[in-house]
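As structure tokens, the structure follows; a few thoughts come after it.
No value in this document is a laboratory result; all are computed from the given coordinates. In this text, all values refer to a predicted model and were calculated from it rather than measured experimentally. Reconstructed Cβ throughout: ideal geometry from the backbone, glycine too, with neighbour counts over all protein chains shown.
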Amino acid sequence: MLFFMETKTDHVFLEDIRVRLGFDGKLVMDATGICGGLCFFWSHSDKKYWPIVGEKVIKACLGVLNEGEGLEMVNKTLIIMIPKVKRLERISRFRPISLGNVIYKNCSEAFTNRFRNVLDEVISETQSAFIPGRLILDNGIVGFECMHALRRKKKGKKGSLALKLDMSKAYDRMEWDFLSGMMTRLGFSASWVNRIMRCVQSFFFSHLINGEVYGLMKPSRGLRQGDPLYPYLFLICVEDLSQLLQIVERSRKLMGFQCSRGGPKITHLFFADDSMIFTLAVEKDCQIISQVLNVYEKASGQVVNFQKSAICVSKGVSKHKALAQILGVRLVRCHERYLGFPSFAGQNKREMFTNIEIGCGRE
């Protein structure tokens with residue numbers, strides 16, 4: 001028997017868990033306390049402890065999954081602040097880490113596995129995060145081709161631009177009513193929406209500071225990171241922005257960008273909260289994008305981080321400063337990286353691939 005705080009293994013196979021709860025990979029039992037405690041792992045050849053605690057684990061999980069029994073007891077989390085840098089000057093330089101209850105995380109994984117099977121049908125193809133069959137390389141390659149074509153674009157009556165969006169505290173600001181409305185709009189049943197919203201709204205958290213637990217707080221919005229279910233809920237919320245952009249594209253208010261003559265028009269690429277929007281470098285299109293973002297912000301609670309967002313334009317665009325001012329973002333010569341990949345290939349190939357080489361060396 002092994003003890004871990006929070007981990008996964010692919011070598012554990014428990015048919016009872018798989019059939020009755022809907023997921024493979026681990027058998028867990030939480031210890032006393034709201035920090036989640038220890039996971040108990042059984043190997044394939046050692047199942048003698050399963051008859052002792054197995055039914056209790058299943059009963060607790062099924063109680064949460066089916067009737068929501070005891071959800072408030074297990075849906076408690078400790079928040080610990082981890083510094084991002086060595087010399088701390090601002091609170092924003094801390095990264096909050098959630099220490100969740102393991103029983104709840106098992107139930108969350110059961111919901112997640114059911115979500116994962118249908119998201120491909122309701123989430124637009126421009127979103128490539130977390131959905132089976134879609135890879136980060138999909139949008140990475142398309143983004144590379146778009147930026148390469150944008151930098152080399154010289155001909156044409158109108159130039160083009162690429163807007164790289166950054167949302168401030170994207171998970172923490174999401175409104176719960178907006179999430180519920182989006183799930184209903186995408187066709188999820190009322191019973192499913194109610195179960196998911198109970199998981200979201202029954203959440204309590206405390207802060208762990210220097211080994212001491214402080215406070216017991218109940219948030220009124222936001223999706224906490226560390227829960228396997230929440231990235232998929234975030235995709236559902238971001239789908240609203242994608243649909244808004246598709247609406248203005250179909251009405252020909254937003255023209256998008258073509259990498260080549262006769263190629264498909266691309267208006268946006270999403271990877272979770274990492275967004276890139278393409279359109280003509282004209283004031284009308286920038287005003288439309290600004291209006292779309294305002295509508296999305298008011299509905300979802302999201303806020304654009306204008307200090308980190310930026311646009312770049314193709315050659316020959318004279319009003320580039322005016323376009324940046326309309327959108328309220330910075331003007332840059334080119335987005336150097338997208339999804340961790342170089343956005344374009346310059347003459348110095350060694351410099352471009354140095355970071356990849358360093359990363360491979362660390363591995």
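Our coupling estimate for the range 195-202, obtained by passing each phi through the Karplus curve with A = 6.51, B = -1.76, C = 1.60 and θ = phi - 60°, is 5, 5, 5, 5, 5, 6, 8, 8 Hz, Gly and Pro reported as x.
Around the amide H of TYR338, modelled in the peptide plane, lie the amide H atoms of SER343, all under 5 Å away and 5 or more residues distant in sequence or on another chain.
Here the range 86-245 is assigned +1 on the Cβ of each Lys and Arg and -1 on the Cβ of each Asp and Glu. Its dipole about the Cα centre then comes out at about 900 debye. Working from the Cα coordinates of the range 95-175, the gyration tensor eigenvalues give, after taking √(5λ), semi-axes of 36, 18, 11 Å in decreasing order. Overall dimensions of the range 252-296, expressed as equivalent-ellipsoid semi-axes from the Cα gyration tensor (√(5λ), whole Å, largest first), are 19, 15, 7.
Taking 0.36 nm per residue of sequence separation and removing the Cα-Cα distance, the ILE58/ARG198 pair yields an extension gain of 48.4 nm. Modelled spin-label separation between ILE80 and SER92, with each label point placed 7 Å from Cα along the Cα-to-Cβ direction: 2.6 nm. I'm a student and want to see the number: the projected area of the Cα convex hull of the range 167-275, averaged over all directions, in nm². Its average projected convex-hull area is 9.7 nm².
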